[in-house]
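Nothing in this text is a laboratory measurement; each read-out follows from the coordinates by a stated rule. Everything quoted here is computed from the prediction, not taken from an experiment. Quick reminder, even Gly has a Cβ in these numbers, built from the backbone with ideal geometry, and neighbours come from all protein chains shown.
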Amino acid sequence: MVVVGGSLAGVNAIEGLRERGYQGEITLVGAERHLPYDRPPLSKQELREGPSVGHLLLKPQSWYDERGVELRLGARAVGLDTRDRHVIVEGGDQVAYDGLVIATGCSPRRLGQPEAGPVHVVRTIEDATALHGELRPGRHLVVIGAGFIGLEVAATARELGLHVSIVETAPAPLTRVLGDEAGRWFQEYHVDRGVDLFCGTALDTIEVTATGTRLSLADGTVLVADLVVAGIGVTPATDWLEGSGVTLDNGVVCDRSLRTSAPGVVAAGDIVRWHNDLFDETMRVEQWLNAVEQGVHAGHTLLGAEEPFAPVPYFWSDQFDAQVRFVGRADAADAVEVQRLSDRSMVALFGRGGVVRGALCVNAPRQLARYRLAIQQRVAWGDAVGVG
Amino acid sequence: MTMKITIDLEACKGYACCMMEAPDLFDIDDATGKAILLVEHPTEDQREQAERGARSCPANVITLQQIG
């Protein structure tokens, strides 16, 4: 078996294979030279303190040794031959497989303007190390994009004493994920902590000048930054699969059990587009727990299991002292109920078609379990709103 | 075969995954935002739940031990 992607999903695919009794060879092919490591802290505590790969390793070297995993790190996959069943890595080497797990995740989008000079992104430990070195008190950081990564980087930088501005085309942060009302809560939360938010306006031009990077916004605002971070989303890392016969459509298209269109090939993690029966929705989920559960599940499927993968998605974000936790789906909600519990805690429920589908809990972790159960059981919207 | 669960509360970040994956074994304290261990020695029937709870912890602070 071959796992491509030195990632959370890749490691858990190995776990899934071994726990179901597979005793044959496993090779892990990863583009980065490090053992697979954990990415969420890279925009939070590890960004604040300076990233250390030792803190972040998902598993120690001994874990791979004990499971008999051959590691091919620093080996980027560049092609896949699904007829002859081999992966092609940079340099031309071929890695043959009987069964393959695709877990290459996503790559950050970058600003289109080449004149922007060095614009930071946060995806790898090298990215976070470079940014950490620039986060010095008194400097002005401009973050493009008020998504989760952007807001986390903004909060971390603010805590380190930088001046922080965020530019966002939507009317408030996170509106594409959580809708307007919850988005406004995040807007207030960040503004109260000294972040300048420029929402509802786009970045027009960006250029490097003698005094810093000059950003002109569509509404006429001009910002001069000491450093710029782009948090404008990610795209599935599917380049190496073009022409391989694996069906692609904004990710790797999988069936309910995570099989791709190619025989003997499954996929797991951010890269997967599949139909989640519980929500009756085709989705691609860029979240930590999804990578864990999907990795294990894909490993089982590769060994012949047939169960559909239909979880309630879960993610978290930490911004200042807000512990943000979300279960389910908020997209295309036709009913939203925001309950402010205090100035630092809130719950927002999202419903569609008469049932509860999502719950956002800020500094209210105990609420998560009951709403997750309600979502799993497709509890009626009216009953769910009364649960809290 | 007895199992023992331990949580490093110092490093717990209150992600609440353990409580969602294994509600019989873990709870969470809304005031402190930290996990609460409900069952220190899970039964054999609870083994799978315990393993799921440990694996799902983003902070990797839950340990399962065999103690004889």
**Derived scalar couplings ³J(HN,Hα) [the range A:216-223; Karplus, 6.51 cos²θ - 1.76 cosθ + 1.60; whole Hz; x for Gly, Pro]** = 9, 9, 4, 8, x, 5, 10, 10
**Item:** Normalised per residue, the volume of the convex hull around the Cα set of the range A:98-155 (Å³)
**Value:** 130
**Message:** Between the range A:190-263 and the range B:35-60, what is the separation of their alpha carbon centroids in Å?
**Reply:** 37
**Message:** Taking every DSSP beta bridge with both residues inside the protein assembly as shown, roughly what % is antiparallel (nearest 5)?
**Reply:** 65
**Complete:** A chain fully extended from A:LEU341 to A:ARG20 at 0.36 nm per residue, minus the present Cα-Cα distance, gains in nm 111.1 nm
**Request:** Could you work out how far the C-alpha centroid of the range A:1-79 sits from that of the range A:351-388, in angstrom?
**Result:** 34
**Request:** Grab the beta carbon distance between A:GLU49 and B:LYS4, set R0 = 30 Å, and tell me the FRET efficiency rounded to 0.05.
**Result:** 0.45
**For the protein assembly as shown, size of Cβ-based charge dipole, Lys and Arg +1, Asp and Glu -1, in debye** = 180
**Message:** Could you tell me the ratio Rg/Rh of the range A:118-255? Both radii from Cα atoms, Rh via Kirkwood.
**Reply:** 1.03
**Asked** Which number do you get for Rg(Cα) / (2.2 N^0.38 Å) in the range A:147-227?
**Response** 1.10
**Message:** Once you keep just the Cα pairs under 8 angstrom separated by 6 or more residues, what percentage relative contact order results for chain B?
**Reply:** 47
**Message:** Restricting to DSSP H runs of at least four residues, report the calculated mean residue ellipticity at 222 nm for the protein assembly as shown, -39500 (n - 2.57) per run over all residues, nearest 500 deg cm²/dmol.
**Reply:** -7000 deg cm²/dmol
**Request:** Express the Stokes-Einstein translational diffusion coefficient of the protein assembly as shown in µm² s⁻¹, to the nearest whole number, given a Kirkwood radius over alpha-carbon pairs, 4 °C and a viscosity of 1.567 mPa s.
**Result:** 56
**Fill in**
Scoring chain A by relative contact order with C-alpha pairs under 8 Å, at least six apart, yields a percentage of 16
**Item:** With eigenvalues of the C-alpha gyration tensor scaled by 5 and rooted, the range A:321-387, Å
**Value:** 19, 11, 10
**Fill in**
The relative contact order of the range A:86-214, taking Cα pairs under 8 Å that sit 6 or more residues apart, comes to a percentage of 20
**Request:** Mind giving me the nanometre distance, one decimal, between the label points for A:ASP81 and A:ARG378, set 7 Å out from Cα along Cα→Cβ?
**Result:** 4.7
**Request:** Report Rg (one decimal) and Dmax (nearest whole number) for the range A:190-269, counting Cα atoms only, units Å.
**Result:** 20.8, 57
**Prompt:** Hey, what's the per residue convex hull volume over the C-alpha atoms of the range B:3-66, in cubic angstrom?
**Reply:** 66
**Request:** Any chance you could run the full-extension gain for A:ASP180 through A:SER62? It's 0.36 nm times the residue separation minus the Cα-Cα distance, nm to one decimal.
**Result:** 37.7 nm
**Request:** Between A:ALA172, A:ALA364, A:ALA210, find the one with the highest GNM mean-square fluctuation for chain A; connect C-alpha pairs within less than 10 Å.
**Result:** A:ALA210
**Asked** Hey, in the GNM for chain A with a 10 angstrom Cα cutoff, which one of A:VAL11, A:VAL234, A:VAL122 fluctuates hardest?
**Response** A:VAL234
